[in-house]
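Q: Provided herewith is a single structure, encoded as structure tokens, for subsequent inquiry.
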Amino acid sequence: MSRTRTEVVKTGITFGSVLAIVISWSYNHSVLWAIVHGFLSWLYVIYHIFFHL
């Protein structure tokens with residue numbers, strides 16, 4: 001079971017990345033910023049919660 005879980009983590013996109021991309025797109029409407037925020041993932045999500053809500 002741990003082998004399957006490791007493979008999913010290595011090759012899959014994380015929930016934090018998807019959430020950051022969706023928030024970024026809805027706020028900025030820019031593909032470039034969505035990609036950048038996707039790489040930053042949870043950092044951008046936490047930033048958005050504290051400074052944009």
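Q: Sort Ile46, Ile21 so the one with the fewest other Cβ atoms within 10 Å of its own Cβ comes first.
A: Ranked by crowding around the Cβ, least crowded first: Ile46, Ile21.
Q: For the pair Ile13 and Leu53, how long in nm is the line joining their label points, each one 7 Å along Cα→Cβ?
A: 2.2 nm
Q: While we're on this one: Among Val18, Val36, Val45, rank each residue by its count of other Cβ atoms within 10 Å, from fewest to most, as a rough exposure measure.
A: Val18, Val36, Val45
Q: So for Leu19, Leu32, Leu53, fewest C-beta neighbours within 10 Å to most, what's the order?
A: Leu53, Leu32, Leu19
Q: Taking θ = phi - 60°, what integer Hz values does the Karplus form 6.51 cos²θ - 1.76 cosθ + 1.60 yield along the stretch 41-53, in sequence order, with x for Gly and Pro?
A: 6, 5, 4, 5, 4, 5, 4, 4, 5, 7, 10, 10, 9
No value in this document is a laboratory result; all are computed from the given coordinates. If you're wondering where the values come from, they're calculated on a predicted model, not measured in any experiment. Reconstructed Cβ throughout: ideal geometry from the backbone, glycine too, with neighbour counts over all protein chains shown.
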